[in-house]
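Peer 1: Below are the structure tokens for one structure; questions will follow.
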Amino acid sequence: MAKKIQVGVIAIVAMILMFFDWRMTLGWLIGWACLLTLGFFREKFYAVMLDEDQFTVGKYIRYIIFVFVILWLPLLLAFMFPNAINPYALAASYLIDRLILFMSGLFTKENKHGTE
């Protein structure tokens, strides 16, 4: 349910940005598409990583390279072609995602001692 709310908010903000500049909208949507793709593959990778039989250093290195490419290539392209993609909107989507992650971590209680 939280993912549906997140996608809904992303779409609403994209519609609002469309009134200002289509390049901002494109940067916003590309940024969130990268983050949602990364989140999807991160869950898959953690399932492999926690299974000691399937985990290899090569898989870990490929995952790190994938994360680097999925986060930095769109940002690099946006700064190279600012007339097509607004790099600041793309970077803002990354920063807002981290802020949401930080804020949600502030309000969740972590059970450190294994007791209820």
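Every read-out reported here was derived from the displayed coordinates using simple, explicitly stated rules and does not represent laboratory data. No experiment lies behind these values; they were computed from the predicted model shown. Ideal geometry is used to build each Cβ from the backbone, glycine not excepted, and the neighbour counts take in all protein chains shown.
Peer 1: Whole-Hz Karplus ³J(HN,Hα) for the range 44-57, in order, using 6.51 cos²θ - 1.76 cosθ + 1.60 and θ = phi - 60°, x for Gly and Pro?
Peer 2: Karplus values, whole Hz, x for Gly and Pro: 5, 5, 5, 5, 6, 5, 6, 8, 5, 6, 8, 6, 9, 5.
Peer 1: Please work out the Cα convex hull volume for the range 30-71 and give it in Å³ per residue. Could the numbers behind the result be given before it?
Peer 2: Details: hull volume 1.9 nm³, N = 42.
Spelled out: Cα convex hull of the range 30-71, divided by residues, is 44 Å³.
Peer 1: If you don't mind, there's one more thing I want to ask. Quick one: angle between helix 87-106 and the longest Cα principal axis of the chain, in degrees between 0 and 90, rounded to 10, please.
Peer 2: On a 0 to 90 degree scale, this one is about 40.
Peer 1: Mind checking the dipole of the range 2-104: about its Cα centre, +1 per Lys or Arg Cβ, -1 per Asp or Glu Cβ, Debye to the nearest 20?
Peer 2: Rounded to the nearest 20 debye, it is 140 debye.
Peer 1: Quick check: the angle from helix 2-18's long axis to the longest principal axis of the chain, C-alpha only, nearest 10 degrees?
Peer 2: Orientation of helix 2-18: about 20 degrees from the principal axis.
Peer 1: Mind computing the radius of gyration and Dmax over the alpha-carbon atoms of the chain? Å is fine for both.
Peer 2: My reading of the Cα-based Rg and Dmax gives 17.1, 55 Å.
Peer 1: Sort F20, F66 so that the residue with the fewest other Cβ atoms within 10 Å of its own Cβ comes first and the one with the most comes last. Don't skip to the answer; put the middle values down first.
Peer 2: Working: F20 11, F66 15.
Listing F20, F66 from fewest to most nearby Cβ atoms yields F20, F66.
Peer 1: Just how many pairs of Lys in the chain have C-alpha atoms closer than 23 Å, counting pairs that are eight or more places apart or on different chains?
Peer 2: 4
Peer 1: If you take the charge dipole of the chain about its Cα centre, with +1 on Lys and Arg Cβ and -1 on Asp and Glu Cβ, which of Q6, M80, T56 is farthest toward its positive end?
Peer 2: M80
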